[in-house]
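Novice: Mind looking over this structure? Questions follow.
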Amino acid sequence: MRRRNRHVSVWMNEQEYQHLKAQAKKAGLGIDPFIRNLVAGIQLRPRPPDEVAALVRELHAIGNNANQIAYWANAQKSAAEPELRRAAALVYEAARLVKEQF
């Protein structure tokens, strides 16, 4: 990790400070990393709601289950295996799209 050896102080009124805190919180960062990211030109996006993370985890679990069923179907030489693989791919694609939106 880089050592930071420069300190910058900025005076602001209460309204500006509260706005800064709110923006940092919205991005899911503390004030220091938030300011460093802004200075570095990194485009900050609001942190997704916790429900989105839960949804993505659930979609991944469903996709894993579909993959396990497809693996079993393949081992049993079942005709359903290609459809199950496609279903798993669709679940993973849905998870990717949800993550992309946030």
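Coordinate-derived values only; no laboratory data. What you see is a predicted model, and the numbers here were worked out from it, not measured in a lab. Please note: Cβ atoms are built from the backbone with ideal geometry, for glycine as well, and neighbour counts cover all protein chains shown.
Novice: Just to check I understand the Karplus step: with θ = phi - 60° and J = 6.51 cos²θ - 1.76 cosθ + 1.60, what whole-Hz values come out for segment 7-22, glycine and proline as x?
Specialist: Residue by residue, segment 7-22 yields 10, 10, 10, 10, 8, 8, 7, 4, 5, 4, 5, 5, 5, 4, 4, 5 Hz.
Novice: Tell me the label-point distance for the pair GLU83, LEU20, using the 7 Å Cα-to-Cβ offset, in nm and rounded to one decimal.
Specialist: 6.0
Novice: Still on this structure, please answer the following. Considering only DSSP states other than H, G, I, E and B, which GluC sites (Glu not before Pro) in segment 63-102 qualify as loop sites with at most 11 other Cβ atoms within 10 Å?
Specialist: For GluC sites (Glu not before Pro) across segment 63-102 that sit outside H, G, I, E and B with at most 11 neighbouring Cβ atoms in 10 Å, the list is empty.
Novice: If I take every Cα pair under 8 Å that is 6 or more residues apart in the chain, average their sequence separation and divide by the length, what percent do I get for the relative contact order?
Specialist: Relative contact order, the chain: 22 percent.
Novice: Given the options LEU59, ALA80, GLN101, identify the residue whose Cα lies farthest towards the positive end of the charge dipole of the chain (+1 on Cβ of Lys, Arg; -1 on Cβ of Asp, Glu).
Specialist: GLN101
Novice: Further question: Among the trypsin sites (Lys or Arg not before Pro) within segment 20-102, which fall in a DSSP loop and have no more than 14 other Cβ atoms within 10 Å of their own Cβ?
Specialist: For trypsin sites (Lys or Arg not before Pro) across segment 20-102 that sit outside H, G, I, E and B with at most 14 neighbouring Cβ atoms in 10 Å, the list reads LYS77.
Novice: Hey, another quick one. Restricting attention to the alpha-carbon atoms of segment 1-47, what are Rg (one decimal) and Dmax (integer), both in Å?
Specialist: Gyration radius and largest Cα-Cα distance of segment 1-47: 11.6, 33 Å.
Novice: Kirkwood Rh over alpha-carbon pairs of segment 33-82, then Stokes-Einstein at 25 °C and 0.890 mPa s: what D in µm² s⁻¹, rounded to an integer?
Specialist: 172
Novice: Given the DSSP H assignment, sum -39500 (n - 2.57) over each helix run of at least 4 residues in the chain and divide by its residue total; what's the result at 222 nm in deg cm²/dmol, nearest 500?
Specialist: Roughly -22500 deg cm²/dmol at 222 nm, from the helical runs in the chain.
Novice: Over all pairs of distinct alpha carbons, what does the Kirkwood formula give as the hydrodynamic radius of segment 1-85, in Å?
Specialist: Mean inverse Cα-Cα distance, inverted, gives 17.3 Å.
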